[in-house]
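Q: Input: one structure, supplied below.
What follows is calculated from the coordinates using simple rules that are stated; it is not laboratory data. Predicted model only: the values in this text are computed from it and were never measured. Using ideal geometry, Cβ is built from the backbone for each residue, glycine included, and neighbour counts are taken over all protein chains shown.
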Amino acid sequence: MSSLVAALRSAAAVLRWIWLFSWALWRWLVPLWRFRDASRGTPEQRVANYRYNREQRGYLLPCLRRWIVVGGLLLVVLGQLEQHLAAQPLDTAWRSFTLTMIASAGVGFSVAVVIFLVLLVCWVWLAQDP
């Protein structure tokens, strides 16, 4: 019984570490938590929030670079998987698995491009004078 409790505790510790790591990684990749909502409040609050967001604009450029790297890595993985697929026989389970991995890398690349474009629009928008 004590070995079961120890195994459950270690599993809980691993899951907690994975959750904390993924949370920190998401905050590192998407800095939108630094910005304030400039669409609500009194006109003075909205102007103050917009001014604050313009000051925080500098955090978007490193994040844009990170998403370029993520998208590039996913594109490289996609190319390698396609080369691997071409070398496999037609009716194998590995071919189906490789096709699944290609689809996953393609979806990941698409998500990286969309997040990059959203952050780029935010960066350009905050560069303009009101």
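Q: Go through (i) -0.22, -0.48, -1.54; (ii) -0.34, -0.66, -1.24; (iii) -0.49, -0.79, -1.17 and flag the label whose value is the computed log10 I(q)/I(0) by the Debye sum over Cα atoms at q = 0.09, 0.13, 0.22 Å⁻¹ for this structure.
A: Entry (iii).
Q: Using only Cα atoms, find the angle between the long axis of helix 43-55 and the longest principal axis of the chain, and express it within 0 to 90 degrees, rounded to the nearest 10.
A: 50
Q: First measure r as the distance between the Cβ atoms of Asp91 and Ala11, then evaluate 1/(1 + (r/R0)^6) with R0 = 41 Å and state the FRET efficiency to the nearest 0.05.
A: 0.60
Q: For the chain, set up a Gaussian network in which alpha carbons nearer than 10 Å are linked by springs, and say which option among Val30, Val14, Val118 fluctuates the most.
A: Val14
Q: Another question, then. Between Arg46 and Trp23, what's the calculated FRET efficiency when r is the beta-carbon distance and R0 is 25 Å? Round to 0.05.
A: 0.25
Q: Summing -39500 (n - 2.57) over the DSSP H runs of n ≥ 4 in the chain and dividing by its residue number, what mean residue ellipticity at 222 nm do you reach, to the nearest 500 deg cm²/dmol?
A: Taking each H run of at least 4 residues, the total per residue is -28000 deg cm²/dmol.
Q: While we're on this one: Between Arg40, Arg54, Arg65, find the one with the highest GNM mean-square fluctuation for the chain; connect C-alpha pairs within less than 10 Å.
A: Arg40
Q: Which of Trp67, Trp28, Trp17 ends up with the largest GNM mean-square fluctuation for the chain, with Cα atoms connected below 10 Å?
A: Maximum fluctuation in the GNM of the chain, among the listed residues, is at Trp17.
Q: Output ³J(HN,Hα) for region 100-108: one whole-Hz value per residue in order, computed from phi by the Karplus curve 6.51 cos²θ - 1.76 cosθ + 1.60 with θ = phi - 60°, and x for Gly and Pro.
A: Those phi angles translate into 5, 5, 5, 5, 5, 5, x, 5, x Hz.
Q: Quick one: what are the phi-derived ³J(HN,Hα) couplings along region 81-87, Karplus 6.51/-1.76/1.60 with θ = phi - 60°, whole Hz, x for glycine and proline?
A: 5, 5, 5, 5, 5, 5, 8
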